[in-house]
Amino acid sequence: GIGSPHGHNSESSQFQDAAKGLNQQQIHQIKTFFTSCMWELAKCMRLRSRVAATATAYFRKFYTRNSLCSWDPQLMHVGCLFLASKAEESSVAATTLVYYAKKLQPTWPFDTTHVLDSEMVILQSLDFRLALLSPFQPLAALTTDAGVPQKTAHRAWAVLNDSYYSDAPILYPPQLLALGCLVFAAAMDGNSDGQQQQQQQEQ
């Protein structure tokens, strides 16, 4: 096994990372990089975007409670995707996940046993609570009920996917996150349309 997770203390995990010389910007960059890795691995395996989103939420929750320096994110991001595939009923074998991880990154230094061990560590850190309220269904309902133009709806989905590169999905209720993404998308489309009208008038 690979031990047991540290106590659920965000300040403690940040202190441990800072003690190892990591500043907030570096921590953010590491989390962003491995978020990209999870989405890329999920895409390579043709897993639904919701699986990648759930994996990202697990990953970010795990590292609010544990230090990056104590648990290698090279392993844990794959462990989170493995666990998310089960939680979202798109289960993949650990051997398959390892195959694709090594396909994307030939020097990836872990094996199936490591992934299986990491699963238990993540489960313990999440208090075995795998159910997440997803913002995907609220956004689908909002765009349909409000008769949102297709262009704005597509942009809202893109904004929602991008939100998983931050801690927003684990900080805000899913309905609020979905609404925020839609409002932001509508504002972006409004600005874009306004600029086009201004350019046409200037011409």
Looking only at lysines whose Cα falls under 24 Å of K43's and that sit 8 or more positions away or on another chain, we get K31, K61, K86, K102, K103, K151
Sparse-neighbourhood loop hits (trypsin sites (Lys or Arg not before Pro), the stretch 121-187; DSSP loop; Cβ within 10 Å at most 14 others) -> R129
For F184 the rounded accessible area (nearest 10 Å², probe 1.4 Å, non-protein molecules ignored) is 110
With a 1.4 angstrom probe the carbon and sulfur portion of accessible area for the stretch 94-143, in percent, totals 60
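Once you have a ≥ b ≥ c as the square roots of the Cα gyration tensor eigenvalues for the stretch 33-95, tell me rounded if a/c is under 1.5, and otherwise prolate or oblate according to whether a/b is larger than b/c.
prolate
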Using alpha-carbon coordinates alone, the radius of gyration and Dmax of the stretch 74-143 in Å work out to 14.2, 44
Sorting E89, E40 on solvent-accessible surface, 1.4 Å probe, most exposed first, gives E89, E40
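The values are calculated or read from the model by the stated rules, or taken from the named source; none is laboratory data. Remember, predicted model here, so these are calculated numbers, not experimental data. Heads up, the Cβs are rebuilt from the backbone with ideal geometry, glycines too, and the neighbour counts pull from every protein chain shown. Heads up: the accessible areas ignore ligands, DNA and RNA and are worked out on the full protein's heavy atoms, side chains in. Shrake-Rupley method; radii C 1.70, N 1.55, O 1.52, S 1.80 Å.
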